[in-house]
1. Mind listing whichever residues of segment 67-98 are of a type in the set (D, E, K, R), over 16 Å from the mean Cα position of the chain (by Cα), over 30 Å from Asp126 (Cβ atoms) and open to solvent by 80 Å² or more (accessible area, probe 1.4 Å)?
2. Could you please tell me which pairs satisfy a Cβ distance under 8 Å, a separation of 6+ or placement on different chains, a first residue in segment 156-181 that is under 15 Å from Glu206 (Cβ atoms) and in contact (Cβ under 8 Å) with a residue 60 or more places away in the chain, and a second residue that is of a type in the set (A, V, I, L, M, F, W, C) and assigned to a helix (DSSP H, G or I)?
3. Looking only at segment 47-75, filter to residues that are among the β-branched types (Val, Ile, Thr) and touching a residue at least 60 places away in the same chain (Cβ under 8 Å); which one of those is nearest to Lys8 (Cα to Cα)?
4. Output yes when any residue across segment 235-247 is touching a helix residue (DSSP H, G or I) at 6+ places or on another chain (Cβ under 9 Å) and either modelled with pLDDT of 75 or more or hydrophobic (A, V, I, L, M, F, W, C) (or both), and no when none is.
5. Can you list residue pairs whose Cβ atoms sit under 6 Å apart, with the first residue in segment 79-96 being modelled with pLDDT of 95 or more and the second being buried (at least 21 other Cβ atoms within 10 Å of the Cβ) and not in a helix (DSSP H, G or I)? Count only pairs 6 or more apart in sequence or on different chains.
6. Scan (1) among the charged types (D, E, K, R); (2) within 20 Å of Met104 (Cα to Cα); (3) open to solvent by less than 70 Å² (accessible area, probe 1.4 Å) for the single condition Asp176 breaks and write down its number.
7. Sort through Leu30, Leu37, Leu93 and tell me the only one that's part of a loop (DSSP other than H, G, I, E, B) and over 29 Å from Ser230 (Cα atoms).
Amino acid sequence: MKSKQPQKEYLSTDRMRDIIADNSMLLSTLSRFGISLGFGDLKISEVCEQNNVDTPTFLTVANFVSHKHVSETPAVDLRCLIDYLKQAHIYFLDFVLPSIRRRMLEALSASDCGDLSLIILKFFDDYSEEVRSHMEYEDRDVFTYVEKLLSGESTHNYTISSFVAGHKPIASKLHDLKEVIIRHLNGKNINVNLLNSVLFDIIVCEEDLLTHCGVENRVFVPAVEKLEESVNTLRLQDTEEVESSYSPIADLTEREREIICCVAKGYSNKEIANQLFLSVHTVATHRRNIASKLDIHSPSGLTIFAIVNNLIDLKDVKLQS
């Protein structure tokens, strides 16, 4: 018997309707990318172009959701991916979880399960708040951080590793809730069909949340790490360019440059004072400031500085010890 060959990943030249037929779960992927139905026989690249969606990003997510091959460092458009993740958050928080709660309440309201019904509802409400807190943190802090990176803004001390360290699975409690319902919820007047339908929704939601977290860990995080590396490299290059182009002469005042030239010509402080119509005390103060700025304390050192920085012509120089 031949072993089952792994399915090939979707390509931009595949028809969009064919990959939906291959995996109906991709319908939610379409909605999160803002892609409308009614695309006929168009290719994936054509549908993405019509909907202003980055094709490589869509393919990466679609392949991941369908358990196909995804590169360890996928090439994605982070702005497009962040929009996708934000829409997924809206879907879970504003539609799926509230819908499950309404139908669960309807299924349990006429039952005689008493305290167990209340416990189940309380468990689900606490879980929903946990998911909301988790996703709002990502919307507020994580995605904002990446958007700042993309815009070249300062990001202070935050890195994506901070997100990874605290990114815990959020679907496990749905598994626990499912087990409680299956094993222990047994009473009269329960609408079995409705309860089983709710249970099915919980199972689908659990799988969807697992996949969502997987996209964040396997697609989003590596892409951000690559961006951080690029940004840090550019910042290092900019710093090196600034340092290499910096000249201490820029820190000197015009008067201080004049005094350095006089020193290079061999003038004493008194002679400099007479030349520039200053007091000897003022000249001494300027020379202390010059020494502090340049960390050069000898006349010969100042003379060399003046020559290197084209403050004085070599024929006018008088070297001193």
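The values are calculated or read from the model by the stated rules, or taken from the named source; none is laboratory data. Small disclaimer: the values here were computed from a predicted structure and weren't measured. Using ideal geometry, Cβ is built from the backbone for each residue, glycine included, and neighbour counts are taken over all protein chains shown. We work out accessible area using only protein heavy atoms, side chains counted, and drop any ligands, DNA or RNA first. Shrake-Rupley method; radii C 1.70, N 1.55, O 1.52, S 1.80 Å.
1. Once the filter is applied, which keeps residues that are of a type in the set (D, E, K, R), over 16 Å from the mean Cα position of the chain (by Cα), over 30 Å from Asp126 (Cβ atoms) and open to solvent by 80 Å² or more (accessible area, probe 1.4 Å), segment 67-98 yields only Glu72.
2. Taking only residues 6 or more apart or on different chains, the pairs are Val180/Ile120; Val180/Phe123; Ile181/Ile120; Ile181/Leu195; Ile181/Leu199; Ile181/Ile202.
3. Selected residue: Val70.
4. Taking every residue of segment 235-247 in turn, none turns out to be touching a helix residue (DSSP H, G or I) at 6+ places or on another chain (Cβ under 9 Å) and either modelled with pLDDT of 75 or more or hydrophobic (A, V, I, L, M, F, W, C) (or both).
5. Going by the 6 Å Cβ cut-off, the qualifying pairs are Tyr84/Phe33.
6. All conditions are met except number (3).
7. None of the others qualify; the one that does is Leu37.
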